[in-house]
Amino acid sequence: MLNEKDEDSLPIFKHIIKHAINKVNSNSTGIKFNYEFEEYDGSSLFEVVNASCNLLTKDVVVVISPDISNNIATQADVFNSVKMPLIASAATDSYLQTAGRNQLYVMAPSDLTQAQVIVDLLTKFGWTKISLISSDSNYGIHSATTLQKLLIQKTADVTAQEEFDASVYFFEAFSDPADLYLEDILKNMVDSLDRVFVLHCEDYYARFVLQEAYNAGLLNEDFVWIVTESIVSSPKSLRVTTDMIRRLHFPIYYEGLIGISLYVDTVNPTYRDFKRDAVSSLAGEIKGSDITPQVVMLYDAAMLATEALQDNINELTGTVADARCGNNKWAAGEDIARYLTTTNYTGPSGSYNLDRNHANKHESQYRIVNFIDPGTGLDSGFSGIGTWTTAQGLKITSGDIQFLGGVKKSPTGIADTLEGQHLKVGTIHSPPFAINTNVEGCKEVQCWEGICPKIVKRLAKDLNFTYEFVEPEDKKYGLLNKTESNPEGEWDGLVGDLLKNRIDIIAIDLSVSSQRRSYIDFTFSYLDSGISLIMKGESKTDNRFFFFSPFAFSTWFAIFIAFALISVFQTILGKLSPCDQHGIIAFANETCCCKSCEDPTDDSAKCLVTEAQKETDFDTISLANAVWVIGGSLLGQGGEPLPRSPSGRMIVLTWWFFVLLITNMYGANLTAFMTLDNLGVPLSKPSELLTQTVYKWGVRHESITAVLLENNIDTNYQKLGSQSEFVSNFDSGLEMVDDGRFGLIDDTLILEYYLSDSCEVFFVGEKLLTIPVAFGLPINSPYARLFNQQLLKYREEGLFHDLWNEHGKRIEERKCGKDSVGSDKMLSFQTLIGIFYVLIIGVLVSVTLLILELTVATIRDNSHDGKSTFLETLKRRVKLAFVATSFQKKMKVKKRQAA
C-alpha cells in the first residue's frame, strides 16, 4: 500500500520492496514470493478504502504499508474485517492498536515513547512552559493527547518549580497544505509569550507551519522549536523552492531546529552490508542519501514477513473471497498472525518481535538531531547530537548544539520581554490613581497622569511594549450583577471588559476580592487599602469628662496602682532603713540604759535617745505622710517630710522621673484631644454606629465596599452593610458628610486623598478591613509572570511609596492635622509600659540600697556589742522597725500635752 502523495519517497519505497523480495527469492530454493503495489491518494478517505478493497482481490497473504497513522487506521479497519494481516512499518499513533484491530502489527515505537523522549528533552534543558502545535486529524489529536497526559503525569512527580505548563493549538488539516489557515493560532502563540514550541503533525504540513511561524517572528533568537519523528524522517518535505532559479533548498531559518528521529545504528555491520548491497544492486535508482530510517524499516517489514511465512506457507488453506471487501473471513489470516508473532527477526534497523500486543517489544531507540548547515542536499540538514533508549534514557553526546538564530547557549525558554506587543490598558478617571487631563475617551498616553499611568509607563519601558488606555463605557471598576433572568450574573466595568477581551490588563486601584479572583487573576499588590468611616465633627461637645480622654482606662488604672505601691514602698523603706528617722529613734530607744531617757525635758540627759531627738521628729514616718509626698509630686506640688536614707531618696527620685514623663504625655495628648473633641463626634469606632440613632451612614451604590461588607463573616460588618444607605457616587457621599450627622464608608486610600480638602471631616476609628489593590489580568495570562517580576522589583525599590507620597498623600498638607477620631488616640497601658519598667527598676535599686544600709548598720552594731551574731543583730533591727515602743508612745502623748 503506497501513498502517491508522498512523491519523493514513492519510487524509493517501490525499489526497496523489489530489492527485498528479489533477495529472498535468490536465496530460496523452495517457495518464491511476489508483490503487488496498490497506489492511492492518501488525502482521500474514500481512495484509501477503495485501494484496500482492490488489494484484497489480488490473492495477497500479508499487506505492508509505510503510510502515516491516519491512513493506517483506515486500512486496518478494512483488513481486519476479513482477517488480513497488516504490517505498519512507520505508523506511530498510540491509539492505533485498539481491541478491534487484531490483525494490525506496528513496527515503529508509538508516540507514547516519543512523548517520553520529548519530556526528557524538555526536562534536560529546563523548558517547562511550552506550546504544542498539531493538526486536528486523528493522528495530530492523538499525539497531542499522549504528550499532554505524560506532561501531567510528570508534573505530578516533581516539585512546583518544575511543573509543566503546556498550551495546545490545533490547525485544520486541509488536504492541500497550502490552504492552511494559521493566522489566529500564530497570534495566540505570539500573545502567549511561550518560547518553546513542539511541532507534532504530518510531515507535509511542517514546512507551511514553519514558514508562517517565521513570518510571525517565532523562529528568531531565544525561541526553541522541536519537530517530531514524522517530520525528521521525511526531510524532503521540508524543502522549499527558490523564487529565482526554482531549486529546492532548506531555508536558513531552519538552522537550529531540534528534532527527534528513529535511531538506526549506521555503524552496525548488518546495516552497512544492507546499504552497500541495496545501493549496488539498485544502481542509479537509489543513492546512499535515500536510505532513511523509514526505508530501512520498510525493508525489514518485508524481510520479517517472508521469514515468518517461508517455512509455513504450504500449510495455508483457503483464499480470500473474490468479492471486494466482502463479509467472508480468511481462515488462514489467524495462522499468519501466529507466524508473525512467533518470529524473531534482526535486520539493519534493529531487532523485532511482534508480540501478541502487535507491537515490537524490543528496546526503542531514538536519535536527537540538530538542523544545521542549510543547503540543497538532504544530508546537509539534520545532524545527530544525542540518543535516547528505553534502558538508558536521554544522552546528549554533542557539546556544540546550535539553537535558532545561531545561538550556542541554551535558551531559558521563558520570555523576558514583551517586545512587539501592543497592550490595551483598561483604566478610569479616579484621582490620584488615574487622572484624565484631556477629554473623555482619550487613548493617548499623554492624556493620563497619576500613580497607575506612571507604573504602566515604567513597565512599558522595562518590558519594551507599547500601549493605549481604554475606558469602559459605564466608567465602573467592575461588579457582578445578578438578575432573575441571569442568576449567574454578568460583570460590568473594567472587569467585564477584561473578560470580553476588550482590554489586556486593568491598571487602576482594583481591590482584590475572592469574588473577583474567581473570574480574573491579579498581579502582586502595589498598595494596601481598606475600608474606613469618615464623619464631620459638630461645633459643640457633650463630653463633660474629656480630661480623661488622653489615657485609656488601663493606663489610669496602672497609674493608680503605681501610686499606691510606691506610697507603701516609701513607708516600708522609711521604717526599715537604719539611716532614716524611724530607724534611728527606734534603735536608740531600745539601747538606752538610763532612766532619764524617758524624760525628754531633761536637758542634762546625754543618752543616745536625747541625741537622736535633736535631729528628728517622731511624727514623720507613716503611710499618710508617704501618700502626701508621693501624691503631691504626682500633681506637680511638693510634700514633706522627704526621706533621708539613700534607699528612700532613690525611690522618690524614680517616682519624680516617672511623673515627669506621665504628666508631659498627658498634657500633649490632652491638647490634641481638646482639638479633636471639639469635633463633637461621640464615636470611637465604626461599629458604634449600630448602637446609636443620631448618625446615619452609607456606602456607594454598586461598589466593592458594599459587597465586601455584606459578604463578610463578621456580623457587625454585615449589619453595617445591610443597614447603610446607598449614595449614587463618591461626590454625593462627600456632600452628605459635609451636611453633618452622616458617615461615609468607602475605600481608605480614596478617602485619605479627598480628606485633604477639608479640616472638618475625619476618620473614625481604624480600618474595618485591610484590602490589597493590584492590577487585573485574565486568568492564566501570559503577562502575569513578567508583570509580577517587575512589580516586585518596583516594590523593593520603593517606587509605589514614592508615587503615593507624590500623588496621593495630600492629607499631610492639612494644617489642621491628619489624625482621626477614635479610641486609637488614647494612650494605653501597653503604649506606656516602658515608663512603668523604669519605675520598677527604681524600686529594685532602692531595695538594693536598703539591704546595703541594713548590712552596714548591723556590722557596726556587732563591733560595739560583740555578744550577738550578725543574723541576730539584723533580726533585732528589722523587728524594731515594725514595733511601736512605749517610749515613742509616751513622747507623743507628752508632746501633745505640752502644746
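The values are calculated or read from the model by the stated rules, or taken from the named source; none is laboratory data. All figures in this text were calculated on a predicted structure; none of them were measured in a lab. FYI the Cβ positions are ideal-geometry reconstructions off the backbone, even for glycines, and counts take in every protein chain you see. SASA here: full protein model, heavy atoms, side chains in, ligands and nucleic acids out. Shrake-Rupley method; radii C 1.70, N 1.55, O 1.52, S 1.80 Å.
Data overview
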| read-out | value |
| --- | --- |
| F37 vs. criteria open to solvent by 40 Å² or more (accessible area, probe 1.4 Å), outside any loop (DSSP other than H, G, I, E, B), at pLDDT 90 or above and among the aromatic types (F, W, Y) | no |
| Residue within the range 711-726 that is basic (K, R) and either open to solvent by less than 30 Å² (accessible area, probe 1.4 Å) or touching a residue at least 40 places away in the same chain (Cβ under 8 Å) (or both) present | no |
| Residue in the range 38-56 that is among the acidic types (D, E) and in contact with a Leu (Cβ under 6 Å, 6 or more places away or on another chain) present | yes |
| Subset of the range 183-206 that is farther than 21 Å from D111 by Cα and among the charged types (D, E, K, R) - its residue that is farthest from the chain's Cα centre (by Cα) | E183 |
| The range 733-776, subset in a helix (DSSP H, G or I), closer than 26 Å to F522 by Cβ and among the β-branched types (V, I, T), residue farthest from the chain's Cα centre (by Cα) | I750 |
| Tabulated pairs, the range 142-155, first over 20 Å from F171 (Cα atoms) and without any contact (Cβ under 8 Å) to a residue 60 or more places away in the chain, second open to solvent by 50 Å² or more (accessible area, probe 1.4 Å) and of a type in the set (V, I, T), C-beta under 9 angstrom, 6+ apart or interchain | K154/T123 |
| Residue satisfying all of: in the range 644-656; open to solvent by 10 Å² or more (accessible area, probe 1.4 Å) and under 16 Å from I851 (Cβ atoms); farthest from the chain's Cα centre (by Cα) among these | P646 |
| Matching option when the condition is at pLDDT 85 or above and closer than 29 Å to A552 by Cα, among S756, S732, S728, S687 | S687 |
| Strands (runs of 3 or more DSSP E) fully within the range 330-377 counting 2 or more residues that are under 23 Å from G393 (Cβ atoms), at pLDDT 85 or above and β-branched (V, I, T) | 365-371 |
| Test set (1) open to solvent by 30 Å² or more (accessible area, probe 1.4 Å); (2) of a type outside the set (S, T, Y); (3) in a helix (DSSP H, G or I) - D265 fails condition number | (3) |
| Tally of residues being within 23 Å of S513 (Cβ to Cβ) and either open to solvent by less than 10 Å² (accessible area, probe 1.4 Å) or not aliphatic (A, V, I, L, M) (or both) across the range 751-768 | 8 |
| Cβ-Cβ under 9 Å pairs, at least 6 apart or on other chains, the range 20-35 side over 16 Å from D273 (Cβ atoms) and in contact (Cβ under 8 Å) with a residue 40 or more places away in the chain, far side open to solvent by less than 40 Å² (accessible area, probe 1.4 Å) and charged (D, E, K, R) | none |
| Qualifying positions in the range 769-781 - at pLDDT below 85 and buried (at least 20 other Cβ atoms within 10 Å of the Cβ) | none |
| Odd one out for S52 among (1) within 20 Å of F13 (Cβ to Cβ); (2) at pLDDT below 90 | (2) |
| Out of K124, K83, sole residue that is in a helix (DSSP H, G or I) and surrounded by fewer than 21 Cβ atoms within 10 Å (Cβ to Cβ) | K124 |
| Set S143, S167: member being at pLDDT 85 or above, among the polar types (S, T, N, Q) and either surrounded by 18 or more Cβ atoms within 10 Å (Cβ to Cβ) or in a loop (DSSP other than H, G, I, E, B) (or both) | S143 |
| Selection from the range 491-510 of residues that are more than 26 Å from L751 (Cα to Cα) and either more than 20 Å from the chain's Cα centre (by Cα) or at pLDDT 95 or above (or both) | D497, L498, L499, K500, N501, R502, I503 |
| Residue that is nearest to L777 (Cα to Cα) [pool: residues in the range 425-437 that are open to solvent by 30 Å² or more (accessible area, probe 1.4 Å) and part of a loop (DSSP other than H, G, I, E, B)] | H429 |
| Number of the condition not met by D179 [criteria: (1) without any contact (Cβ under 8 Å) to a residue 60 or more places away in the chain; (2) closer than 19 Å to Y783 by Cβ; (3) not aliphatic (A, V, I, L, M)] | (2) |
| Residues of the range 24-33 that turn out to be open to solvent by 70 Å² or more (accessible area, probe 1.4 Å) and either over 24 Å from I291 (Cβ atoms) or basic (K, R) (or both), as a count | 2 |
| Residue check, T266 without any contact (Cβ under 8 Å) to a residue 60 or more places away in the chain, within 57 Å of the chain's Cα centre (by Cα) and over 26 Å from F208 (Cα atoms) | yes |
| In the range 494-525, the residues that are open to solvent by less than 10 Å² (accessible area, probe 1.4 Å) and at positive phi | none |
| Boolean, D77 is open to solvent by 40 Å² or more (accessible area, probe 1.4 Å) and not in a loop (DSSP other than H, G, I, E, B) | yes |
| Residue among K482, K476, K461 that is surrounded by fewer than 20 Cβ atoms within 10 Å (Cβ to Cβ), touching a helix residue (DSSP H, G or I) at 6+ places or on another chain (Cβ under 8 Å) and either farther than 30 Å from I385 by Cα or of a type in the set (G, A, S) (or both) | K476 |
| Failed item, numbered, when Q97 is tested on (1) in a loop (DSSP other than H, G, I, E, B); (2) out of contact with any His (no Cβ under 6 Å at 6 or more places or on another chain); (3) under 24 Å from A308 (Cα atoms) | (2) |
| Members of the range 207-254 found to be in contact with a Pro (Cβ under 7 Å, 6 or more places away or on another chain), open to solvent by 50 Å² or more (accessible area, probe 1.4 Å) and part of a loop (DSSP other than H, G, I, E, B), listed by number | D222 |
